[in-house]
1. Checking the structure you have, find out if any residue of the range B:188-198 is within 16 Å of the ligand (Cβ to nearest atom) and not in a helix (DSSP H, G or I).
2. I need the full set of residues from the range A:85-102 which are facing chain B (nearest Cβ under 10 Å) and open to solvent by 10 Å² or more (accessible area, probe 1.4 Å), in order please.
3. Out of A:Gly53, A:Gly49, which single residue is modelled with pLDDT under 90 and over 14 Å from the mean Cα position of the chain (by Cα)?
4. How do the helices (runs of 4 or more DSSP H) wholly within the range B:297-394 filter down when requiring 1 or more residues that are within 21 Å of B:Ala193 (Cα to Cα): which remain?
5. Confirm whether B:Asp105 is in contact with a strand residue (DSSP E or B) (Cβ under 9 Å, 6 or more places away or on another chain), in contact (Cβ under 8 Å) with a residue 24 or more places away in the chain and open to solvent by 60 Å² or more (accessible area, probe 1.4 Å).
6. Collect the residues in the range B:161-196 that are open to solvent by less than 10 Å² (accessible area, probe 1.4 Å), more than 14 Å from chain A (Cβ to nearest Cβ) and in contact with an Asp or Glu (Cβ under 9 Å, 6 or more places away or on another chain), keeping them in residue-number order.
7. From the list B:Gly313, B:Gly323, B:Gly274, which one is closer than 29 Å to B:Gly101 by Cα and either in the same structural domain as B:Ala199 (by TED's automatic domain parsing) or within 16 Å of the ligand (Cβ to nearest atom) (or both)?
8. Output the residues belonging to the range A:104-117 that are over 14 Å from B:Gly371 (Cα atoms) and at the interface with chain B (Cβ under 10 Å from one of its Cβ atoms).
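The values are calculated or read from the model by the stated rules, or taken from the named source; none is laboratory data. The model shown is predicted, which means the values in this text are computed figures rather than measured ones. Cβ sites come from the backbone with ideal geometry, for glycine too, and all protein chains shown count toward neighbours. Calculation scope for accessible area: heavy atoms of the full protein, side chains included, ligands and nucleic acids excluded. Shrake-Rupley method; radii C 1.70, N 1.55, O 1.52, S 1.80 Å.
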Amino acid sequence: MRKNRIYKEIKPGRKLFKVITVKVILFFLGRGFQFLSKFDKNIKNDIHGLPEGFTVMFKILPIGSKMFLKKNKKGYLKYKGSSLNEKTSDLSIFFKNIECAFLMFTAQISSHQAFAEHRISIKGEISKAMLIMRCLNIVETYLFPKIIAKHITKRLPRISGIKKQIGRFLVYFWGIPFGI
Amino acid sequence: MIPKYYEFFNPVKILSGHKALDNIPYELEQLGVKKPLIITDKGIKKAGLLKYVKRAFAESNTIIGSIYDDVPSDSSLETVYKIVKIFKDNSCDSIIAVGGGSVIDTAKGVNILITEDSNDLMKFAGAEILKNPMKPLIVIPTTSGTGSEVTLVAVISDEKNNTKMAFTSLHLLPRVAILDTRMTLTLPAHITAATGMDALTHAIEAYTCIQKNPISDAHAWMAIKLISENLITAVKKGKDKKARLALLNASCMAGAAFSNSMVGMVHSLGHATGGICHIHHGVAMSIFLPYVLEYNLIKIREYISELLFPLAGNEIYSKTSEGQRAEKVIECINNLRDELYKLTKLPRTLKEAGISKEKIPEIAKLAIGDGSLTFNPVDMDYEDAIKVLNKAYK
Ligand SMILES: [Fe+2]
């Protein structure tokens, strides 16, 4: 038997691949959200009732990335990156861990499933959070090819193929790169 | 079938029996508290139910901090603030809620403010966001419907802003639920019927919605069996202790089931109808239940079929061929509704509930935005909602 074995603390490891992937996707989703909140009729309808200045935060618990969207004067959601103060958000949507954020942002599970499985916690009005998450699913159907998005499209409004292709083209070559 | 991932949590200690209340002082001592505030409403005071609670304290050294008996039928923000003040002024250390859904929700709201030491309840709205353990809450249900004694949710309405805020947190769960028959013996027949149908809906929706899981299924299954065996008896013979205790147990189990597995489209339609036409929640559940099962049939025939066993018993289950069981379940529920209509005039359609047809578009609009729709196995858009509502009208 070894003598004087030292019992050290174990620091939490990293999941760099997932952290970086989620960060990148958050940027795409944020810019995509902004563009599609002007382009897609369903999203426009859904966010119509939110007051001007309404701020939504997505954050990955406990120490992960965050992303803000803010409704501006013109009535669409502006992507604000992580530039705002957490305290100013009217609605905060927290993902309980990086794995669950990864599943959601890569469209492997839908928002309603994430809710049902208690993977998300919410500060603010739950009904508004449901609405935003539904919009997020719509944004994902534009961003991801059908084969990936198949888990989440089941309960979404049918968007015609051509419209989705045009939307997808515009999001990738116009909305996201230029922050329109 | 076991889902890929699920959570189930029910830490509530349950005492069930004809005189289960007598254990209150012991339970308080176990919780390390000495001075509970009792929260209740006028109807319960009038029915003389508080005397059982007060008598349970006799020959103990526990003082009742005070009794607030003026909770309105819709739990309100203002009431919460009033009660918080009484709690602090009388230096209470725990809460006993005696009542139905609105009393229990109010008590949960009070508990949030006391724990967070705040005077703005709306700051804490949301799902699974509260972090601090709360004051011990003991719940004594006086109806057998909502199951709020074992749920982690509270809904409080803000009259000034005309909204309803929802709070869900595992910390909101009561520490003890006391199911004492004496508290429901005097419940009128029509309320017994309506609340019983609410509990039945909780169990059926928990069993058929997207987060069903083996543990909540077991709770839902037994709740359905107890309700189908005892609801009519309790409606006919209010003083039947056995039937009353069975229903209290059933609504408690159904509560534990749906608090974890959530409810679906019956509640979406019911919340919307209640919000616009102000009908009793249980009445709305009873009206929509068979129509929603029909609507969901294409996706969950298997689960609905399984429910024939607890709902109708062994004999009918084995006599009915596999392909016909789901339809038979709907038939059984319709028969139950017919019988309740005969006994208490419990409405079976929107028309019987006195709702005008013009309201249907408004109800449909509100229903498709309701949160519980998220958990329904089949989605519903505006046109679908109109179709179901029209069916439920005639
Ligand atoms: Fe209910």
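1. No: zero hits.
2. A:Phe94, A:Lys96
3. A:Gly49
4. Because the criterion is at least 1 residues that are within 21 Å of B:Ala193 (Cα to Cα), the helices (runs of 4 or more DSSP H) in the range B:297-394 that meet it are B:308-312, B:325-344, B:382-393.
5. So B:Asp105 does not fit the description; no.
6. B:Pro174, B:Val176, B:Ala177, B:Ile178, B:Leu179, B:Asp180
7. Just one listed residue meets the conditions, B:Gly274.
8. A:Ile109, A:Ser110, A:Glu117
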